Amino acid sequence: MTYTWDFHSIWQNFDLFWFGLQVTVLYTVGSIVFGVLIGIATCAARLSRWRFLGYFARLYQELFRCTPLLVQLLWFYYAFPLLVGVNVDNHFAAMLTLSLYVGAFYAEIFRGGIISIDRGQQEAAAAIGMSPSQAMWRIIAPQAIKRMLPSFINQSVIQFKNTSLISVLSVADLAYMAAVVNGQTYRPLESYTVMALLYLAILVPVTQLADLLEKRMRTSD
Amino acid sequence: MTDLARTNDAAFTGPVLQAVNLSKNFQKLQVFQNLSLDLQRGEVVALIGPSGSGKSTFLRCLNMMETPSSGQVLYQGASVIPSFRDRGDQIGIGTLRRNVGMVFQHFNLFPHMTVLQNVCEGPISVKRMPKAEAQALGMHFLGLVGLAEKHDSYPSKLSGGQKQRVAIARALAMQPGVLLLDEVTSALDPELVGEVLDVIRTLAREGITMAIVTHEMAFAADVSSRVLFLDKGRIAAEGSPDEIIFNPSDERLSNFVSRTRN
């Protein structure tokens with residue numbers, strides 16, 4: 001079988017790819033920001049003295065870590081509106097689901113980092129009169145963040161790729177726009193190859209940077 | 001009453017730190033029962049006893065690092081409540097710990113901070129002291145423990161003995177009324193014990209009030225004005241170093257002392 005690669009029609013539609021890429025970056029960055037906030041709150045609940053809060057946080061984490069993201073997206077867009085009787089915009093459903101999904105994983109990364117810090121650090125901070133929150137932000141968190149950074153970056157890289165699933169809710173991200181270009185040009189090989197290369201082009205520098213960061217942190221210990 | 005009036009009040013003549021009928025149990029395990037201690041200003045009290053006698057847990061109750069199961073801790077006559085903040089005439093854990101410093105067996109220096117930052121952390125973030133003032137104070141106490149030239153190093157670059165001396169400087173920088181030392185030489189290589197004990201001897205000469213849990217009998221005898229022998233969660237003997245360590249009357253005590261002295 002001979003196939004002649006022809007990127008001509010792809011270049012003509014490159015503005016569509018560019019638009020999709022921007023949407024993908026927007027949803028990634030947005031869901032990471034919300035996810036970090038949700039993750040901090042969930043982690044605080046898990047570590048809280050109030051057991052009830054911990055159980056509640058745990059339930060949320062299990063729901064979002066143990067069901068597929070695709071299933072969650074479909075549920076929040078098609079099922080959730082029936083449950084609450086309010087129409088949910090697809091952009092809202094996408095951002096909400098992505099944030100809740102990644103927040104559940106971030107919470108576990110944050111918690112792991114914090115409980116890995118020696119108990120003596122908390123005691124030493126307390127012994128000079130620090131309040132629990134001072135001890136957390138001045139002593140525990142700076143050490144924990146350093147330890148959790150590799151897993152955090154890794155989860156964020158996965159998140160970038162996971163945003164491709166929001167195309168099923170007709171959010172015009174990179175994956176959705178590639179399908180649009182394919183529909184217009186009938187050039188699936190070119191359309192989907194360019195899409196894959198664009199994901200790759202963003203993430204390779206990110207993972208390289210992460211490796212570099214990790215190496216630098218290891219030497220600073 | 002303001003914080004200043006309440007703390008480090010030179011005019012206050014009663015015991016600076018008191019434990020009244022303290023008991024501690026973890027679930028069913030009784031660690032100690034009804035221990036009382038009056039610590040006078042300038043006094044150095046050594047707590048000795050076999051492991052499991054409850055001496056470390058008792059010391060940790062004095063700054064509420066462990067919450068006593070019953071009994072009361074008083075700092076300069078004010079009773080301590082198990083909440084962080086003060087309430088009325090009662091002082092909270094925060095105020096207590098600003099005035100009762102502690103040094104740990106495993107140093108617990110903050111690894112992400114330099115030596116000077118470790119020492120200045122309390123004055124800056126707890127006492128809200130201006131940075132320049134805190135640094136001058138920090139350098140003063142680093143000088144006292146003989147580590148002024150290490151102020152820019154990170155803890156990971158120090159020997160065990162140096163780490164412990166920094167930990168002592170960190171506690172002193174809060175200018176506490178009392179210093180609690182919890183087996184501060186137990187994690188050190190034998191050749192590094194001396195430098196830490198020398199620093200503590202200096203503090204005793206300077207008139208710093210201290211309660212010391214230790215296994216070093218000769219040191220306890222040398223530095224303390226009073227020795228408490230704890231056994232099975234009770235004060236089995238109490239007196240001057242001469243009475244307790246050199247001429248023990250009690251049989252268990254004399255067994256313990258002869259096993260650990262040398």
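The values are calculated or read from the model by the stated rules, or taken from the named source; none is laboratory data. Keep in mind the model is a prediction, meaning the values are calculated, not measured. All Cβ positions, even for glycine, are placed from backbone atoms using ideal geometry, and neighbour counts span all protein chains on display.
Look through A:ALA172, A:ALA104 and report the one residue that is over 30 Å from B:PHE104 (Cβ atoms) and not in a helix (DSSP H, G or I).
A:ALA172
Just to confirm my filter: which helices (runs of 4 or more DSSP H) fall fully inside the stretch B:32-126 and include at least 3 residues that are touching a helix residue (DSSP H, G or I) at 6+ places or on another chain (Cβ under 6 Å) and either away from chain A (no Cβ under 14 Å) or at pLDDT below 95 (or both)?
Answer list for the stretch B:32-126: none.
Pairs, please: C-beta under 6 Å, at least 6 apart or cross-chain, first residue over 14 Å from A:GLN12 (Cβ atoms) and in the stretch A:178-190, second in a helix (DSSP H, G or I)?
A:ALA178/A:SER191; A:ALA178/A:TYR192; A:ALA178/A:MET195; A:PRO188/A:ASN182
For the stretch A:93-133: of the residues being in contact with a Gly (Cβ under 6 Å, 6 or more places away or on another chain) and facing another protein chain (nearest Cβ under 10 Å), which is nearest to A:ALA41 (Cα to Cα)?
Step by step, filter the stretch A:93-133, then rank; the result is A:GLY129.
Do we have any residue at all in the stretch A:146-159 that's part of a loop (DSSP other than H, G, I, E, B) and either touching a residue at least 40 places away in the same chain (Cβ under 8 Å) or more than 30 Å from A:TRP5 (Cα to Cα) (or both)?
No: the stretch A:146-159 contains no residue that is part of a loop (DSSP other than H, G, I, E, B) and either touching a residue at least 40 places away in the same chain (Cβ under 8 Å) or more than 30 Å from A:TRP5 (Cα to Cα) (or both).
Looking for something of a type in the set (Val, Ile, Thr), in a helix (DSSP H, G or I) and buried (at least 20 other Cβ atoms within 10 Å of the Cβ) - is there at least one such residue anywhere in the stretch A:115-137?
no
Restricting the stretch B:166-187 to residues that are more than 11 Å from B:PHE107 (Cα to Cα) and either of a type outside the set (A, V, I, L, M, F, W, C) or not in a helix (DSSP H, G or I) (or both), which is nearest to the other protein chains (Cβ to nearest Cβ)?
Looking at the filtered set, the residue picked out is B:MET174.
Can you give me the ranges of the helices (runs of 4 or more DSSP H) entirely in the stretch A:24-97 with at least 2 residues that are surrounded by 19 or more Cβ atoms within 10 Å (Cβ to Cβ)?
Once the helices (runs of 4 or more DSSP H) in the stretch A:24-97 are filtered for at least 2 residues that are surrounded by 19 or more Cβ atoms within 10 Å (Cβ to Cβ), what remains is A:51-65, A:69-74.
If we scan the stretch B:204-213, do we find a residue that is closer than 22 Å to B:PHE246 by Cα, under 11 Å from the mean Cα position of the chain (by Cα) and assigned to a loop (DSSP other than H, G, I, E, B)?
Checked against the condition, which is being closer than 22 Å to B:PHE246 by Cα, under 11 Å from the mean Cα position of the chain (by Cα) and assigned to a loop (DSSP other than H, G, I, E, B), the stretch B:204-213 yields no hits at all.
Output the residues belonging to the stretch B:135-165 that are in contact (Cβ under 8 Å) with a residue 40 or more places away in the chain, under 15 Å from B:GLY194 (Cα atoms) and assigned to a helix (DSSP H, G or I).
Of everything in the stretch B:135-165, those that are in contact (Cβ under 8 Å) with a residue 40 or more places away in the chain, under 15 Å from B:GLY194 (Cα atoms) and assigned to a helix (DSSP H, G or I) turn out to be B:GLY160, B:LYS163, B:GLN164.
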